[in-house]
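Shown next, in structure tokens, is the structure this report addresses.
The values are calculated or read from the model by the stated rules, or taken from the named source; none is laboratory data. Note that the structure is predicted; figures quoted are calculated from it, not measured. Virtual Cβ from ideal backbone geometry, glycine too; neighbours counted across all protein chains shown.
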Amino acid sequence: MSDSATPASLGFRMPAEWEPHVATWLTWPRPEGISFPGRYEPVPDAYAAFIRHLVTGEDVHINVWNRDAEEWVRGLLSDRNVPLERVHFHHFPAYEPWCRDHGPIFVGRDHAGQSERAVIDWGYNAWGGKYPPYDLDDAIPRHVAAYRGLQVFQPGIVMEGGSIEVNGRGTLLTTEACLLNPNRNPHLDRTGIERLLREYLGVSHILWLGDGIEGDDTDGHVDDLARFLNARTLATIVEEDPADPNHAILQDNLRRLRSMTDQDGQPFKIVELPTPGRIECEGQRLPASYANFYIANGQVLVPTFRHANDARALELLQAEFPDRKVIGVDSSELIWGLGSFHCISQQEPV
């Protein structure tokens, strides 16, 4: 095998999120961290609720700071009636909990009659250097790969998992606001970034949305905007209030989606999800979005915000997932960290 061989040249691809999982990876938030300033206390309950649903269908691996942290989390989960048989702990320390962005991206291939996996270790710089230090977070993919005994590919550029969305058939969706931001990879233009996405994720067709929603400190991650529900269907959030700053942003993204086609030249079915409106805490707008759901084995876990639109979002998504149970999980406290359930999780495919 050539040292210069790329994952795509070796037959690897990034599976869609709805393809079967071995497990879900999480990084537990530290009380000393900066993600939940002054409001950490209710956040572990949100994690416990999320994990309680996950373990009904798959293993859960949790990165924790050390043994003391492991024992504390074990006790908390047990107290909240989370079965621990499928929960596994790893002393892989990270400063902050956003495993979607600092965690490993798994790719897979069928080779000689066997299913093989590898890890893509993108660089991580805390969304353009916003929240140093982040060296420990950046090391998580290598720890996970070593634990699993998997080959690691390192593209040598910054990329977060929340900035990309794939349909498993060759199409990738992302945003200009994030991937073209000079605080990530100033030496690369759109063509250079697209080349690396193709080489390392095995995609052939790349689609670009525009800006992200107000309050999103990631510079416009796609997992707050639009998500694949299956290979030919996309859900996108739409703000009905024309006075809301998100209205024009989301209408532009909707127009773009309606003009897009998949890798085979076929138009997408577009499902328009509502937003929970303007949610603030301490005068700060929070990036609350029903698009930040997580597709697990047998279920779809959707953030809810104690808003009238919660029920409508769940209804729309359930109609698109006839073989999965769509479950609302309260994210009203978790969103103070400027992310929700998709942001904290990373799937490990079979």
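For this structure, a couple of remarks:
- Scanning region 25-46 for residues being of a type in the set (Phe, Trp, Tyr) and either farther than 22 Å from HIS143 by Cα or at pLDDT below 95 (or both) gives a total of 2.
- Taken together, the residues in region 233-271 that are free of Cβ contacts under 8 Å to residues at least 40 places away in the same chain and either part of a helix (DSSP H, G or I) or within 21 Å of the chain's Cα centre (by Cα) (or both) amount to 13.
- Number of positions in region 157-183 that are crowded, with 22+ Cβ neighbours inside 10 Å and part of a loop (DSSP other than H, G, I, E, B): 4
- Filter pass, VAL82 being touching a helix residue (DSSP H, G or I) at 6+ places or on another chain (Cβ under 8 Å), surrounded by 15 or more Cβ atoms within 10 Å (Cβ to Cβ), farther than 21 Å from SER340 by Cβ and among the aliphatic types (A, V, I, L, M): no
- Filter pass, ASP137 being surrounded by fewer than 17 Cβ atoms within 10 Å (Cβ to Cβ), of a type in the set (Asp, Glu) and farther than 20 Å from GLU58 by Cβ: no
- Test: residue in region 321-331 that is touching a Ser or Thr at 6+ places or on another chain (Cβ under 7 Å), surrounded by 23 or more Cβ atoms within 10 Å (Cβ to Cβ) and in contact (Cβ under 8 Å) with a residue 24 or more places away in the chain: yes
- Residue that is in contact with a Pro (Cβ under 9 Å, 6 or more places away or on another chain) and either surrounded by fewer than 14 Cβ atoms within 10 Å (Cβ to Cβ) or at pLDDT 95 or above (or both), where the choices are GLU116, GLU96, GLU70: GLU96
- Counting the residues of region 305-318 that are touching a residue at least 24 places away in the same chain (Cβ under 8 Å), over 18 Å from PHE341 (Cβ atoms) and of a type in the set (Gly, Ala, Ser) gives 0.
- The listed residues are ASP110, ASP45, ASP59, and the only one of them that is touching a residue at least 40 places away in the same chain (Cβ under 8 Å) and under 23 Å from the mean Cα position of the chain (by Cα) turns out to be ASP45.
- Residues satisfying the stated conditions in region 12-22, i.e. part of a strand (DSSP E or B) and more than 17 Å from VAL300 (Cβ to Cβ): ARG13, VAL22
- Subset of region 171-210 that is touching a residue at least 60 places away in the same chain (Cβ under 8 Å) and of a type in the set (D, E, K, R) - its residue that is farthest from PRO7 (Cα to Cα): ARG198
- For region 308-334, the set of residues classified as within 27 Å of PRO245 (Cα to Cα) and in contact with a helix residue (DSSP H, G or I) (Cβ under 9 Å, 6 or more places away or on another chain) consists of GLY328, VAL329, ASP330, SER331, SER332, GLU333, LEU334, listed by residue number.
- Applying the condition of being closer than 19 Å to LEU201 by Cα and in a helix (DSSP H, G or I) to region 141-156 and asking which residue is nearest to the chain's Cα centre (by Cα) yields PRO141.
- Test: residue in region 282-300 that is buried (at least 17 other Cβ atoms within 10 Å of the Cβ) and of a type in the set (Asp, Glu): no
- Here SER9, SER35, SER115, SER4 are screened, and the one residue that is in a loop (DSSP other than H, G, I, E, B), touching a residue at least 24 places away in the same chain (Cβ under 8 Å) and of a type in the set (Gly, Ala, Ser) is SER35.
- Note on region 302-316: among residues that are within 22 Å of THR233 (Cβ to Cβ) and surrounded by fewer than 24 Cβ atoms within 10 Å (Cβ to Cβ), the one that is nearest to the chain's Cα centre (by Cα) is THR304.
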